[in-house]
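The values are calculated or read from the model by the stated rules, or taken from the named source; none is laboratory data. What you see is a predicted model, and the numbers here were worked out from it, not measured in a lab. As a convention, Cβ positions derive from the backbone with ideal geometry for all residues, glycine included, and neighbour counts pool all protein chains shown. These accessible areas exclude ligands, DNA and RNA; they are computed on the full protein's heavy atoms, side chains included. Shrake-Rupley method; radii C 1.70, N 1.55, O 1.52, S 1.80 Å.
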Amino acid sequence: MSKESYGVCWCFRRKFKLGTAEPPEEIKELFKVYSESGLMSADNLKRFMMEIQEEDDKMTRDEQVADGITEEALDNHHHHKTFFRYLVSDSNSPLPLKKSLTIRQAMPVSHYYIYTGHNSYLTGNQLNINCSDVPIIDALRRGVRVIELDMWPNSTKDNVHILHGGTLTTPVELMKCLKSIKEHAFVTSEYPVVLTLEDHLTPKLQAIVAKMVIETFGDLLYTSKSESFPEFPSPESLKKRIIVSTKPPKEYLASDSLKVEQSDIQKGSNSFEKKGWGTEVSYMKSKFEGFDMKYEAEEAECPSEDDLKYGNANLKEKPDPEYKHLIAIRARKRKGGIKDWFHNDASSATRISLREHNLEHAVINHGADVIRFTRRNLLRIFPKGSRVDSSNYNPLIGWMHGTQMVAFNMQGHGRPLWLMQGFFPANGGCGYVKKPDILLNDSSDNEVFDPKRKLEVKQTLKVKLFMGEGWHLDFKHTHFDLYSPPDFYVKVGIAGVAADSLMKKTKIIEDNWIPTWNEEFEFPLTVPEMALLRIEVHEYDMSEKDDFGGQTCLPLSELKTGIRAVPLHDEKGNKYKSVKLLARFEYV
């Protein structure tokens, strides 16, 4: 057993023993039950997998899988410690290891949540950072299926740059972004990539864009002969296709630039780097309970997102016809009041965009209209302009109302983005997750699902947190505390409808790199099909803000029951090499 030394002052050092991970007593007891005379055979392991891990009969049907696990887990050492090492290995994931997909040929795109990015070219904040194709590549390799590009004329007005207009962001060339999209679009998923374009171009530059897009993507580019769909195609029918989506161009609008004060840039330049894990996610509970009708009158006429950003304009040239032909998913400009935004045209499916706060206000009084609209049409939500630090909002508000394109700043980090990163590994990580049936169909009483209404509990999730390990391998021994080993505790809970959203926490285990909690929690679930399990590890600090020790979010729709090794991730969503929790999940 090794020891670690921590300096307290120049003449005194504290020494702590660095132990090895020992199986919890419950694991030892299970080994006794499923072994014979201290030996666990392949048949014993299969029985454990079926009865405790609830793997049904697939372990007996698939001998190769069973034998492979036996060989890796036991390897001729049939001792309970070897069994324990299997339980904390990557082979014992809480999510399916096999990437099974449920994409139906006849089910339209509007029936799926789509992994959606916002300002995909930014490397950091929204005001004075570099634009690059690198975050686009990273997003595509993580499974993001919607990439947003803001197109502006370059300084000589003869080419197209991608940048956040009216700010001090340094541009990247459109062609560089297009080439990177083509190269990386289908590395992680074969399902379609949508390019949402924010267009600030003259017809001459639109023609240049059309030529670039056609030459770059070739047969990958999906175009529609019709200007509208009676119903959107299925993602299955659009595999390995790239789809352009924006508002159809009208006469060119020569707009004023958005003015950004230098004080705003200074204020926003480093804030998202400092925020780290960010504030707790808001679930709109107070807004749902105490909202008045003032907003609807104030927002009776809502301008488009371009008008909001870029000011006054004068009519000039006719749009380029070839560029117009590229737009397969046409976005509609919003007119009238909130209820008018969600008018459902039975002859034509469309797409509209709303800022996050517009959606929040809309769903409070018109939630049923939003859900009905999103059964046939696409709704895209994007962050409000004040999020100059590239932070994000609660994605569940959109998902609970059928929003397919909840657009996020993937270059940011924090709790809302952890929810997004935890949600889309579902359905094999293909970037398209089918919406639950409660959003696609009325109830037996012909009512639309209402996330604000308290429903009966369908099932209860029991989570037992045994222990954690791996920090001493991934971090320096003074990372959390200069004078002693870390003091870890865990926050665990549910993100879902307001009635289900809850966080609890374990006791603090002091001065231990391999903490053992052995604590159990119960979470009653009224809408389990829309819930994620949230887990965060914190390191208690008496004098300062608690340190970050890892996090993960897991979709309950795919959570495997039994005893599982839960890998943890850093603030940006990258999985740690060694850090894991051992936990047991049960439904009662």
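Odds and ends about this structure:
- Cα centroid separation - segment 163-230 against segment 349-384, whole Å: 24 Å
- Cross-link pairs beyond the 30 Å C-alpha cut-off, checked among LYS434/LYS458; LYS182/LYS476; LYS17/LYS572; LYS384/LYS464: LYS182/LYS476; LYS17/LYS572; LYS384/LYS464
- Accessible-area rank, largest first, for TYR86, TYR587, TYR222: TYR587, TYR222, TYR86, with all protein chains present and a 1.4 angstrom probe.
- Taking 0.36 nm per residue of separation and subtracting the Cα-Cα distance, full extension of the segment from SER226 to LYS81 would add 45.8 nm.
- Links that overshoot a 19 Å alpha carbon limit, given the list LYS239/LYS575; LYS204/LYS318; LYS462/LYS505; LYS462/LYS507: LYS239/LYS575
- Paired Rg and Dmax values of segment 464-529, which use every Cα atom, in angstrom: 15.1, 45
- Among the trypsin sites (Lys or Arg not before Pro) in segment 487-588, those placed in a DSSP loop whose Cβ has at most 10 other Cβ atoms within 10 Å are LYS545.
- Chymotrypsin sites (Phe, Trp or Tyr not before Pro) within segment 431-539: DSSP coil, no more than 13 neighbouring Cβ in 10 Å: TYR483
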